[in-house]
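**Q** I'd like to ask some things about the structure below.
The values are calculated or read from the model by the stated rules, or taken from the named source; none is laboratory data. Everything quoted here is computed from the prediction, not taken from an experiment. So basically every Cβ, Gly included, is an ideal-geometry build from the backbone, and we count neighbours across all protein chains shown. Accessible surface is based on the protein model in full, side chains and every heavy atom, while ligands, DNA and RNA are left aside. Shrake-Rupley method; radii C 1.70, N 1.55, O 1.52, S 1.80 Å.
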Amino acid sequence: MLIGEYNHSLDPKKRLAVPSKFRNELGDGAVVTRGLDNCLFVFPRERWQELADQLAKLPLAQQNARSLARLFLSSATEVEFDGLGRILIPEHLKRYAGLERDVVIAGVHSRLEIWDRKTWAAYQAKLEKDSDSIAEKLGELGVI
């Protein structure tokens, strides 16, 4: 399971060191793509294949299905770790997520999320402010 939060830096060549704990879970490589909330998603290859298969089964005639498939699939890039445990973030994904030098890598169960550190801090502050309301809504669904 991918959990935890780590602060790292994107180097000038757009390389990002992935914590060894996460590398062990990801194996020899992963898939990076646009995520939601202006972050990047990083999936282990096996989990990525499952998601891609699910997206392929969505009805082509449904606009939301096409849009979601385009969001995730068109920008996806397979990445491998270099000798120092770094991955290369493509320019189009760096730009999408607004990544500057300082980033946060967050483990979210079956994927990693890569956030610009300032964007993450703002998101976390809002999340913490709204946590009671979120918990109440999820409680109604039987999640909590």
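**Q** Filter segment 27-45 for residues that are open to solvent by 10 Å² or more (accessible area, probe 1.4 Å) and among the aliphatic types (A, V, I, L, M) and give the result.
**A** L36
**Q** Please specify each residue of segment 89-115 satisfying the condition of being in a strand (DSSP E or B), hydrophobic (A, V, I, L, M, F, W, C) and surrounded by 17 or more Cβ atoms within 10 Å (Cβ to Cβ).
**A** V103, V104, I105, A106, L112, I114, W115
**Q** Restricting the search to segment 46-56, which residues are surrounded by fewer than 14 Cβ atoms within 10 Å (Cβ to Cβ), under 19 Å from the mean Cα position of the chain (by Cα) and of a type outside the set (S, T, N, Q)?
**A** Across segment 46-56, the qualifying residues are E46, E50, D53.
**Q** If only one of P59, P12 is part of a loop (DSSP other than H, G, I, E, B), open to solvent by 90 Å² or more (accessible area, probe 1.4 Å) and not basic (K, R), which one is it?
**A** P12
**Q** In addition: For residues that are small (G, A, S) and on the phi < 0 side of the Ramachandran plot, tally how many sit in segment 78-100.
**A** 2
**Q** For segment 1-25, how many residues are within 24 Å of R95 (Cα to Cα) and aliphatic (A, V, I, L, M)?
**A** 4
**Q** Looking at this structure, is L73 open to solvent by 50 Å² or more (accessible area, probe 1.4 Å) and in contact (Cβ under 8 Å) with a residue 40 or more places away in the chain?
**A** yes
**Q** Could you please give the count of residues in segment 62-88 that are part of a helix (DSSP H, G or I), over 16 Å from V32 (Cβ atoms) and of a type in the set (A, V, I, L, M, F, W, C)?
**A** Selection size over segment 62-88: 3.
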